[in-house]
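So the structure is just underneath, and the comments pick up after that.
Every number here is computed from the coordinates shown, using simple stated rules; none is lab data. Here the structure is a predicted model, which is why all the values come from computation and not from measurement. Don't worry about glycine lacking a Cβ; one is built from the backbone with ideal geometry, like all the others, and counts go over all protein chains shown.
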Amino acid sequence: IIFPLNGAVVKGIITIHGTASDEDGDESITKVEIKIGNGGWVIVNGITKWNYSWDTTSIENGDYVIQARAYDGNIPPLIQ
């Protein structure tokens, strides 16, 4: 995850973005998902360079953990 940085304070509609790569180098990633707080996993836009629009106006103020995971079909996803 490139943005937002750890500990950042955000408001409004923000674009979370990041990159994904395949450890064996063949770049065979099939999908990337993101999870915010206690929400469910959702598919993001893009693969190796991805983004997701998050509307923070409808949630309570507080700290939220953002996680992303990528699938390449060979091994379980790496969650960061």
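Mean-square fluctuations from a GNM of the chain, with a 10 angstrom spring cutoff on Cα atoms, peak among Lys49, Lys11, Lys31 at Lys11. For Asp72, the residues whose amide H sits under 5 Å from its own are Thr30, ignoring neighbours fewer than 5 places away on the same chain, with H placed 1.01 Å from N. Per-residue Cβ neighbour counts within 10 Å put Val32, Val42 in the sequence Val42, Val32, beginning with the fewest. Here are several values of mean projected area of the Cα convex hull in nm²: (1) 5.2; (2) 6.8; (3) 7.8. Which one was derived from the coordinates shown? Step by step, mean projected area of the Cα convex hull in nm² for this structure corresponds to label (1).
Modelled spin labels at Val42 and Asn6, positioned 7 Å past Cα toward Cβ, are 2.5 nm from each other. Backbone geometry of region 33-42 corresponds, through the Karplus equation with coefficients 6.51, -1.76 and 1.60 at θ = phi - 60°, to 3J(HN,Hα) couplings of 10, 10, 9, 10, x, 8, x, x, 6, 10 Hz, x marking Gly and Pro. Sequence-distant contacts, meaning Cα pairs under 8 Å at least 6 residues apart, place the relative contact order of the chain at 33 percent. The charge dipole of the chain, taken about the Cα centre with unit charges on the Cβ atoms of Lys, Arg (+1) and Asp, Glu (-1), comes to about 320 debye, rounded to the nearest 20.
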